[in-house]
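The values are calculated or read from the model by the stated rules, or taken from the named source; none is laboratory data. Quick caveat: nothing in here was measured; it's all calculated off a predicted structure. When we count neighbours, we look across all protein chains shown, and the Cβ atoms used for this are built from the backbone with ideal geometry, even at glycine. In case anyone asks, the SASA skips ligands and DNA or RNA and just uses the protein heavy atoms, side chains included. Shrake-Rupley method; radii C 1.70, N 1.55, O 1.52, S 1.80 Å.
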Amino acid sequence: YPGETIAPRTPEEDAAITGLRGLIGTQQPYQKEAETALRGIDTEFTAEAAQKFMSPYQQAVTDIEKRKAEEDFRRRIMPAFEKQAIDAGGMSGLGSRAGVQAAQLGEAFSQQLGDIQARGQQKAYEDAYRQFTDQATRQRAQAEDLRNVGLQRFQTGLAEQGLAQQLAQAD
């Protein structure tokens, strides 16, 4: 038999093949966007990054703690010290020994205020670092979601075009 042994393609088969060819590269924009998002994730926790994530209210909380410590020092500790010095027999309670002790109390109080400030800054830093890492985790998840959208669109298109080709061949 000298003629064609294969039937020519129908317009539906040609359309299905064109549709399958059209799926080539459809994932690439999603992959590029996901890659760009991943490359945009800060990996170094710098002072600027810490400042960006630090709560502006943390210093106010620290200031409140320092104020309460100062109130406690003035209401409870200093009066008790002055009473003790007077009871010890100094004329005014502020003799040389009492003066040295008062200086030591003041130094300890200054150290307490410094410690409160340091703890407040440490907490602000830790909170900022946690938020920094949480942000990176969210960005990674977003990039993965973008990649998955591209993959799902490709798989759906592949299934649809494959079905169209099968139907065309069956016809």
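Points worth noting:
- Pairs with Cβ under 9 Å, 6+ apart, first in the range 56-72 and over 17 Å from Gln112 (Cβ atoms) and of a type outside the set (Phe, Trp, Tyr), second part of a helix (DSSP H, G or I) and open to solvent by 70 Å² or more (accessible area, probe 1.4 Å): Gln58/Gln121; Gln58/Lys123; Gln59/Gln121
- Boolean, Arg97 is basic (Lys, Arg), more than 30 Å from Gln31 (Cβ to Cβ) and exposed (fewer than 15 other Cβ atoms within 10 Å of the Cβ): yes
- In this structure, Gln84 does not qualify as more than 30 Å from Thr133 (Cα to Cα), in contact (Cβ under 8 Å) with a residue 12 or more places away in the chain, part of a helix (DSSP H, G or I) and not charged (D, E, K, R).
- Unmet requirement for Leu105, which otherwise passes all of (1) farther than 30 Å from Ala136 by Cβ; (2) exposed (fewer than 13 other Cβ atoms within 10 Å of the Cβ); (3) touching a helix residue (DSSP H, G or I) at 6+ places or on another chain (Cβ under 8 Å): (2)
- All positions within the range 24-58 that are loosely packed, with under 11 Cβ neighbours inside 10 Å and hydroxyl-bearing (Ser, Thr, Tyr): Thr43, Thr46, Tyr57
- Total residues in the range 1-60 satisfying the condition of being assigned to a loop (DSSP other than H, G, I, E, B) and of a type in the set (Gly, Ala, Ser): the figure is 5.
- Remark: Ile77 falls outside the filter, which requires a residue to be without any contact (Cβ under 8 Å) to a residue 12 or more places away in the chain, in a helix (DSSP H, G or I) and surrounded by 13 or more Cβ atoms within 10 Å (Cβ to Cβ).
- Selection status of Thr133, more than 30 Å from Phe53 (Cβ to Cβ) and β-branched (Val, Ile, Thr): no
- Failed criterion for Tyr30 (all others in (1) under 30 Å from Gln161 (Cβ atoms); (2) at pLDDT 85 or above; (3) not hydrophobic (A, V, I, L, M, F, W, C) hold): (2)
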